[in-house]
Amino acid sequence: MNASDTGPPAEPGDALPVVAPQLRALRRRAALTLEAAARAAGLSAAHLSRLETGQRQPSLPMLLTLARIYGTTVSELLGETVTDRDAIVRSGDMEPTRAGGWTYFQAGAPGRGMQALRVRVPYGSQGDVVRVHPGEEWLYVLRGRLRLRLGDTVHLLAPGDSAHFDSLTPHRLAAEDHDGVELLFVHTLLQSPTATLCLGPSTGELP
């Protein structure tokens, strides 16, 4: 099994009940076989099949990779629909979604060329996941401290610090403190079924 296949099993009451059928429908809309989509995402076909049948719950990074591969957004993967692209997003409308230990809130309108999120990252969650994908990312630390690894360099960001980088630079995000970290996070969405996000554990511990 691919090392990046590990992920939380779905349990009763999980917050992503609509994801499984959406994953299958959007993969077929992108004209991708299960094997081709899994290969592009760095997963085994068996693991992607479990995601599509609801036996496994995708993490936020996994949702991001599948959204890019299928040429869509995380909002559509989650089955969210809007009648209009309102320029204003009210805090009361930001429903939390939990995936892979992270909690995130949509902070921007769906269907745009960029996606804005408010993200809470608990201590010890996905700190070994390396991300590499086309596009750009910008993040701003709201609360706590973030350990951000870009290539071979590790940066410790405190509240008020920000980072803006090319997403093709291998990067890892982890909460430095046991209380976790909260971020504002903006990334570009490439509307192409060939765009990929490569995920996998690092070969060593985060310094």
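Every number here is computed from the coordinates shown, using simple stated rules; none is lab data. What you see is a predicted model, and the numbers here were worked out from it, not measured in a lab. Ideal geometry is used to build each Cβ from the backbone, glycine not excepted, and the neighbour counts take in all protein chains shown.
Worth pointing out:
- Counting only Cβ charges, +1 for Lys and Arg and -1 for Asp and Glu, the dipole size of region 46-186 around its Cα centre is about 220 debye.
- Exposure proxy ranking, count of Cβ atoms within 10 Å, fewest first, for 138, 102: 138, 102
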